[in-house]
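Presented below is the structure to which this report refers.
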């Protein structure tokens, strides 16, 4: 009896969670744009270039085309790549681990060419210590 009550409570909690939190209902790879297209349970559709997603950047088109949605719809899995992405992360623009994303931002930020950065590069600097 207690197990039946726990099971029913767990099912009700799961139903509430699934109703409140968007989850993937479909996912596909768009070859022409090299993009992941996900449709969520709330009707939202989103596309993300796979080159922005950790572990997917250098993957072949065939490997990217094979996508599985986890049973709860909260994750996507690429079996040929053994790569996983959380749907909630995609919703919030989190495309990889914290350290990987920091490295990506540093790589992009370091290559910027703002007028201030260009001007700073033109200022003559003294080399060595002042005596």
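The values are calculated or read from the model by the stated rules, or taken from the named source; none is laboratory data. Treat the numbers as computed from the prediction; the structure is a model and nothing was measured. Glycine also receives a Cβ, built like all others from the backbone with ideal geometry; neighbour counts cover every protein chain displayed.
Worth a mention:
- Being at pLDDT below 95 and touching a strand residue (DSSP E or B) at 6+ places or on another chain (Cβ under 8 Å) is a condition met by no residue of the stretch 78-85.
- Top-ranked residue of the stretch 54-69 - restricted to ones that are free of Cβ contacts under 8 Å to residues at least 12 places away in the same chain and in contact with a helix residue (DSSP H, G or I) (Cβ under 9 Å, 6 or more places away or on another chain), ranked as nearest to residue 38 (Cα to Cα): 57
- Some residue of the stretch 18-25 being farther than 15 Å from residue 90 by Cβ and either part of a strand (DSSP E or B) or without any contact (Cβ under 8 Å) to a residue 12 or more places away in the chain (or both): yes
- Residue 44 vs. criteria within 21 Å of residue 79 (Cα to Cα) and either in contact with a strand residue (DSSP E or B) (Cβ under 9 Å, 6 or more places away or on another chain) or modelled with pLDDT of 95 or more (or both): no
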